[in-house]
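Enquirer: Attaching a single structure in structure tokens format; questions to follow.
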Amino acid sequence: MPRIRRISYAKGVHPVKRSLASVRTGPASILLATVAVLFSLLWLVDITGGLKRGGIPQDLEKVGLWVNPIHVLDLSLLLPGAFIVAVLLLRKRTLGLVLAVPYLVFFALMGIAIVSMAINTETAGPQMTVMSAIVIVSIVIATGYLKRIS
């Protein structure tokens with residue numbers, strides 16, 4: 001292994017960057033950015049709807065909470081992180097290349113859980129079609145991405 005490092009550094013390219021330079025990052029970065037923006041807008045519309053009425057969102061009134069923990073976690077950690085990874089991935093930065101697969105797998109698993117809950121509670125509507133599409137596209141992109149980097 002040390003010999004490979006010396007050779008690659010002699011050529012001026014780090015071995016990881018050289019092997020990942022040919023990976024197509026466009027589809028994954030577009031999906032990550034789109035999901036981050038759309039879900040951020042969805043949560044912000046839900047929050048501002050309650051504020052316009054002078055109270056809390058309708059979903060929270062049913063449960064008796066002042067703040068939705070899902071909104072807090074998504075808007076503070078998950079969605080900004082997904083957008084940052086999308087930008088890093090578009091620029092082919094190593095950190096973006098490493099974090100893209102966990103985000104894609106998380107989106108697929110979370111989408112499967114949401115669709116399953118909607119089917120189980122018989123509340124499936126047109127939004128479940130979008131969620132199902134996100135699941136399928138995430139799985140396809142993550143699988144293709146893993147095949148290219150292995």
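The values are calculated or read from the model by the stated rules, or taken from the named source; none is laboratory data. All values reported here derive from a predicted model rather than from experimental measurement. Glycine also receives a Cβ, built like all others from the backbone with ideal geometry; neighbour counts cover every protein chain displayed.
Enquirer: Scan region 77-104 for residues that are surrounded by fewer than 16 Cβ atoms within 10 Å (Cβ to Cβ), under 16 Å from ARG148 (Cα atoms) and among the hydrophobic types (A, V, I, L, M, F, W, C) and report the count.
Expert: Residues meeting the conditions: 1.
Enquirer: Report, by residue number, each residue of region 98-123 that is part of a helix (DSSP H, G or I) and β-branched (Val, Ile, Thr). Outline the logic, then answer.
Expert: Kept after step one, since they are part of a helix (DSSP H, G or I), are these residues of region 98-123: 98-120.
Hits for region 98-123 are VAL98, VAL101, VAL105, ILE112, ILE114, VAL115, ILE119.
Enquirer: Just need a number here: residues in region 55-87 that are closer than 17 Å to LEU41 by Cβ and of a type in the set (Asp, Glu).
Expert: Residues in region 55-87 being closer than 17 Å to LEU41 by Cβ and of a type in the set (Asp, Glu): 2 in total.
Enquirer: So, ILE70, is that one at pLDDT 80 or above and over 30 Å from LYS147 (Cβ atoms) or not?
Expert: Values: at pLDDT 80 or above: yes; over 30 Å from LYS147 (Cβ atoms): yes.
Yes; evaluated as a whole, the condition is true for this residue.
Enquirer: On to the next question. Which members of region 132-150 meet the condition of being at pLDDT below 80 and not small (Gly, Ala, Ser)? I'd like the intermediate steps shown before the answer.
Expert: Initial filter on region 132-150 (at pLDDT below 80): 145-150.
Result: TYR145, LEU146, LYS147, ARG148, ILE149.
Enquirer: Let me ask you something else. So which residues in region 43-72 are surrounded by 14 or more Cβ atoms within 10 Å (Cβ to Cβ) and closer than 25 Å to LEU89 by Cβ?
Expert: TRP43
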